[in-house]
Amino acid sequence: MAVRSLSVWERDQPRRPPGTRHQRAPRRFGTVGAAVGGAVLVTLCATSCGSAPSAGVPTPTTATTGTAGTSTSNTGPPMATTTTDPGLLPQTSVEPPVDASLRTTLAPLWSAIVSGSIATGLPVFFPQSSYLQMKSGTLSNPAADYTDRLIAFYGLDIAAYHQMLVAGATTTLIAINATASDAAWIPAGSCENRIGYWHLPGVRLVYEVGGTVRSFAVASLISWRGIWYVVHLGPNPRPENIGTVDQPAAGPGTPGPAGGC
C-alpha cells in the first residue's frame, strides 16, 4: 500500500434519518482547561481495518512544527495506577460506568490532543497484552496489527484532532457527553474477537474556543476488566488511511450512534 501524506481529513457528523436518533438525553461530564498551538503534518502506511498488515509495511511517522503550551485542571479523582499489566489477567463481564468518572478516564486523551503527543494518550489506549488475548487465533499476527494499524492510526488521529484546535487560542474542555444505553456487550466470536467486551461508541468531547462551542467524537471505547479504553479515536473503518477527526461539529453534537463493535 502506498504511503500517504496529509494534513487533516474530517468526517462530518452525519444527519440521521427521522426516527433513528437516540432520544435519551446524553450525560455531560467534566471540565478541563488547556491552551494549544502548532501545526501538524502526518504520514501513514497502514492496512485496512480488521486484517493484519503485510510484512515490510513502513512505520507511520508524525512530524510537528511549532509549540503547544498546556495548562490543565481536573476536578475529578486522581487516576488509579497499577504495576500489573491488565492484559496478563483474564477479561471480566463487568460493565464500566458511563458517568462522571469518564472525565478522569479520558483525561490523558484530552491532554494528548492538546499537546499532539501520542505518548501522553497511551495510558488510556487499549493494552497490547489484552489485544493479543482477544485476537490470538483470529489474526495471523495480532502483535503487528496492534502496532502497525491500531497504534499507527491512533498517533495520526491525535495529530489530526490536535490540528482541529485553534493555534494560540485558549481551548477548554467543557463536557464529555455519552449515552449510557449505547453501551453494549459484544460476545466472544463477534468482529474477529475470541473474548467478549463492552463497547461504547461516539463519546463526544465538547470544548470551547474563543467563545464558540465545538465538539468531536471518540469513535470507540471498549472494556477490559471493567475499565474503558480507547481502541479507535477516529472512525473505523475510514475512507482513507489517514489521520481522521470523527464527527466534528459546531456545538455539542449528539453522542453515538449506537451499534458497531
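No lab work stands behind these numbers, since they all come straight from the coordinates. Since this is a predicted model, take the numbers as computed values, not measurements.
The figures follow:
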item	result
Amide H partners (placed H, <5 Å) of I186, local residues excluded	Y197, W198, H199
Prolate/oblate/rounded label for the range 191-253 (Cα gyration tensor, a/c 1.5)	oblate
